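Everything below concerns the one structure shown next.
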Amino acid sequence: MANTPSAKKATRKIARRADINKSRRSRVRTFVRKVEEALASGNKEAAQAAFLAAQPELMRAATKGVLHRNTASRKVSRLAQRVKSLSA
(Lines give C-alpha, C1' and ligand atoms only; values in the text may rest on other atoms or scores of the structure.)
Protein backbone atom coordinates (compact mmCIF):
# COMPACT_ATOMS: atom_id res chain seq x y z
CA MET A 1 0.00 0.00 0.00
CA ALA A 2 1.30 3.45 -0.90
CA ASN A 3 2.26 5.59 2.10
CA THR A 4 3.73 8.82 0.76
CA PRO A 5 1.61 11.40 -1.07
CA SER A 6 3.73 11.01 -4.21
CA ALA A 7 3.24 7.22 -4.18
CA LYS A 8 -0.52 7.68 -3.79
CA LYS A 9 -0.56 10.08 -6.72
CA ALA A 10 1.52 7.66 -8.80
CA THR A 11 -1.04 4.93 -8.07
CA ARG A 12 -3.85 7.19 -9.31
CA LYS A 13 -1.90 8.07 -12.45
CA ILE A 14 -1.14 4.41 -13.18
CA ALA A 15 -4.84 3.53 -12.86
CA ARG A 16 -5.81 6.35 -15.26
CA ARG A 17 -3.20 5.31 -17.83
CA ALA A 18 -4.26 1.66 -17.56
CA ASP A 19 -7.84 2.62 -18.43
CA ILE A 20 -6.70 4.67 -21.42
CA ASN A 21 -4.39 1.90 -22.65
CA LYS A 22 -7.17 -0.67 -22.20
CA SER A 23 -9.54 1.35 -24.39
CA ARG A 24 -6.86 1.86 -27.03
CA ARG A 25 -6.01 -1.85 -27.09
CA SER A 26 -9.71 -2.69 -27.38
CA ARG A 27 -10.11 -0.22 -30.24
CA VAL A 28 -7.18 -1.78 -32.14
CA ARG A 29 -8.60 -5.27 -31.65
CA THR A 30 -11.97 -4.11 -32.99
CA PHE A 31 -10.40 -2.70 -36.16
CA VAL A 32 -8.31 -5.85 -36.68
CA ARG A 33 -11.38 -8.04 -36.11
CA LYS A 34 -13.27 -6.12 -38.83
CA VAL A 35 -10.45 -6.91 -41.26
CA GLU A 36 -10.47 -10.58 -40.20
CA GLU A 37 -14.25 -10.81 -40.71
CA ALA A 38 -14.03 -9.20 -44.15
CA LEU A 39 -11.26 -11.63 -45.11
CA ALA A 40 -13.32 -14.58 -43.88
CA SER A 41 -16.32 -13.46 -45.92
CA GLY A 42 -14.10 -13.15 -49.00
CA ASN A 43 -15.23 -9.58 -49.70
CA LYS A 44 -12.21 -7.90 -51.29
CA GLU A 45 -13.53 -4.32 -51.16
CA ALA A 46 -14.64 -4.58 -47.54
CA ALA A 47 -11.33 -6.16 -46.54
CA GLN A 48 -9.38 -3.41 -48.27
CA ALA A 49 -11.47 -0.67 -46.64
CA ALA A 50 -11.21 -2.28 -43.21
CA PHE A 51 -7.45 -2.69 -43.62
CA LEU A 52 -7.02 0.97 -44.58
CA ALA A 53 -8.89 1.90 -41.39
CA ALA A 54 -6.99 -0.55 -39.19
CA GLN A 55 -3.48 0.36 -40.32
CA PRO A 56 -3.36 3.87 -38.77
CA GLU A 57 -4.96 2.55 -35.58
CA LEU A 58 -2.21 -0.04 -35.19
CA MET A 59 0.51 2.52 -35.79
CA ARG A 60 -1.13 4.99 -33.41
CA ALA A 61 -1.16 2.31 -30.71
CA ALA A 62 2.56 1.82 -31.34
CA THR A 63 3.36 5.53 -31.00
CA LYS A 64 1.28 5.74 -27.82
CA GLY A 65 3.14 2.80 -26.31
CA VAL A 66 0.23 0.36 -26.21
CA LEU A 67 1.93 -1.95 -28.70
CA HIS A 68 5.60 -2.32 -29.51
CA ARG A 69 6.56 -0.71 -32.81
CA ASN A 70 7.70 -4.03 -34.33
CA THR A 71 4.52 -5.80 -33.20
CA ALA A 72 2.35 -3.19 -34.90
CA SER A 73 4.44 -3.36 -38.08
CA ARG A 74 4.25 -7.16 -38.09
CA LYS A 75 0.46 -7.11 -37.70
CA VAL A 76 0.08 -4.54 -40.49
CA SER A 77 2.37 -6.55 -42.75
CA ARG A 78 0.53 -9.83 -42.17
CA LEU A 79 -2.89 -8.23 -42.68
CA ALA A 80 -1.69 -6.54 -45.88
CA GLN A 81 -0.36 -9.84 -47.17
CA ARG A 82 -3.69 -11.57 -46.50
CA VAL A 83 -5.71 -8.76 -48.12
CA LYS A 84 -3.42 -8.88 -51.16
CA SER A 85 -3.70 -12.67 -51.46
CA LEU A 86 -7.49 -12.36 -51.37
CA SER A 87 -7.44 -10.20 -54.50
CA ALA A 88 -5.09 -12.55 -56.36
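The values are calculated or read from the model by the stated rules, or taken from the named source; none is laboratory data. None of these values were measured; they are calculated from a predicted model. Every residue, glycine as well, gets a Cβ built from its backbone with ideal geometry; the counts of neighbours run over all protein chains shown.
Just wondering, is there one or more residues in the stretch 12-22 that are surrounded by 11 or more Cβ atoms within 10 Å (Cβ to Cβ), at pLDDT 95 or above, of a type in the set (G, A, S) and part of a helix (DSSP H, G or I)? No: the stretch 12-22 contains no residue that is surrounded by 11 or more Cβ atoms within 10 Å (Cβ to Cβ), at pLDDT 95 or above, of a type in the set (G, A, S) and part of a helix (DSSP H, G or I). Looking across the stretch 10-37, the residues that are closer than 21 Å to T63 by Cα and of a type in the set (G, A, S) come down to A15, A18, S23, S26. For the stretch 66-88, the tally of residues that are touching a residue at least 12 places away in the same chain (Cβ under 8 Å) and of a type outside the set (S, T, Y) stands at 10. Between K84, K75, the distinction of being over 12 Å from the mean Cα position of the chain (by Cα) and either of a type outside the set (V, I, T) or buried (at least 16 other Cβ atoms within 10 Å of the Cβ) (or both) belongs to K84 only. Can you name every residue in the stretch 27-56 that is buried (at least 19 other Cβ atoms within 10 Å of the Cβ) and closer than 18 Å to R17 by Cα? Once the filter is applied, which keeps residues that are buried (at least 19 other Cβ atoms within 10 Å of the Cβ) and closer than 18 Å to R17 by Cα, the stretch 27-56 yields only V28. Count of the stretch 32-46 residues, restricted to those that are within 14 Å of S85 (Cα to Cα), part of a helix (DSSP H, G or I) and in contact (Cβ under 8 Å) with a residue 12 or more places away in the chain, is 4. Among the residues of the stretch 57-72, those that are outside any helix (DSSP H, G or I) and buried (at least 16 other Cβ atoms within 10 Å of the Cβ) comprise V66, L67.
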